[in-house]
Structure formats: C-alpha cells, structure tokens
1. Before we move on, is Glu82 within 20 Å of Asp139 (Cα to Cα), modelled with pLDDT under 75 and acidic (Asp, Glu)?
2. If Arg96 satisfies every condition in (1) exposed (fewer than 13 other Cβ atoms within 10 Å of the Cβ); (2) of a type in the set (Lys, Arg); (3) under 19 Å from Asn163 (Cα atoms) but one, which is the exception?
3. Quick check: is even one residue across region 129-137 surrounded by fewer than 19 Cβ atoms within 10 Å (Cβ to Cβ), more than 19 Å from Ile70 (Cβ to Cβ) and touching a helix residue (DSSP H, G or I) at 6+ places or on another chain (Cβ under 7 Å)?
4. Which residues, taken from region 119-162, are in contact with a Ser or Thr (Cβ under 6 Å, 6 or more places away or on another chain) and over 21 Å from Asp38 (Cβ atoms)?
5. Tally the residues that are without any contact (Cβ under 8 Å) to a residue 60 or more places away in the chain and aliphatic (A, V, I, L, M), restricting the search to region 81-106.
6. Could you grab me the full set of residues in region 39-67 that are assigned to a helix (DSSP H, G or I) and over 19 Å from the mean Cα position of the chain (by Cα)?
Amino acid sequence: MKRLFLQLLTLAFATAGFCAEPARLLEKANVLPLALEDAFQFRKTKTFLNDPVVYKPTVDEMISFERQRINFGAVNQFDRRERYGHYFTFFWRSTRKTDLTVRLEYRQENLGSYVQAQDKVYAAAKGNFKSDFKVVGDDYNKDGKITAWRALLIENGKIVALNQSFLWN
C-alpha cells in the first residue's frame, strides 16, 4: 500500500510539472504568430526581485520569508551575490493534452530594447502546471534589472496564451 502511494505521488508530481528541466537560455527570441485559445491560460504570476540594494525594511512576514527562502544556503558573499536577481513563477493550465513550450521573454536595463528569452518544454501537458524562471548571477549583475517581460505558452510555433508586464510593448 505504501509503495502504491509513493508511485501515485511521484506520478502526480511528474504530471504537475514539478520535474521539468531547468529553463534554457535562447540565442534569439523568434517572433511568433498570435493564435490565442481558451484551452490554455495563465492563472497566476509571482515575481520577486532579490537585491539588497532595493530592499525596503518590512514587518511583513511573507516578504521576509521569501527573502530568506531565496537566500537559504548562501554562506558567503559570493553565494549571496550569485542569487541576486529576478525570480518568476508562472502558474498555468492546459485543458487538452499537447506539447507546450513556456517561454519568458525579457528586456534588461543595460541592454536597451534587446529581447532575451528562456524556455521550458512540457511534453503531453494537460492540467495545472508551475514554471519557474530566474535571471540571476552574472546575467543580472552585468545587464541590470528586468525592465519588461512577457510569458508565452507556445504550441506548434504559435502563441496560444500570453501574460505580460505593463511596460511590455
């Protein structure tokens, strides 16, 4: 019985997108056609900027916890500096089974209008998923803060769902 429970739990995590590979940085963000569908949607977006230069003092326990969670295990200044940057979590849903790519496109302040992108591939995706992206370390320290971003769900080379920051144009 215990073995069956562990197998079901492993299957649940695998289908929920928790076992996805890390995001890969794309050389060039291709322009794709827009073909929005109701079968796909972004449900929630969570962003977090981890940089002590912009920290404001807070008594909010959730903000303090998020700062501690991101920096947990960083024992010296080098480790902490490697974790400085932007963290994105996208919660999304697919109501039919298909191969999907989740892409984060973003601009950074020192690069002007140059668009960078990271993506994750989900095979036979159906249900609720969570995708994590981060721009940290040298990418953040050298190129600066993210000024605009958008998240895309891509099926067969077409954008089927879209979520973007206010400054994206």
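1. Taking the combined requirement at face value, the residue does not satisfy it.
2. Unmet condition: (3).
3. Looking for residues that are surrounded by fewer than 19 Cβ atoms within 10 Å (Cβ to Cβ), more than 19 Å from Ile70 (Cβ to Cβ) and touching a helix residue (DSSP H, G or I) at 6+ places or on another chain (Cβ under 7 Å), one finds none in region 129-137, hence no.
4. Asp119, Lys120, Val121, Asp132, Ala148, Trp149, listed by residue number.
5. So the count comes out to 1.
6. Glu61, Met62, Ser64, Phe65
The values are calculated or read from the model by the stated rules, or taken from the named source; none is laboratory data. These numbers come from a predicted model, not from an experiment. Reconstructed Cβ throughout: ideal geometry from the backbone, glycine too, with neighbour counts over all protein chains shown.
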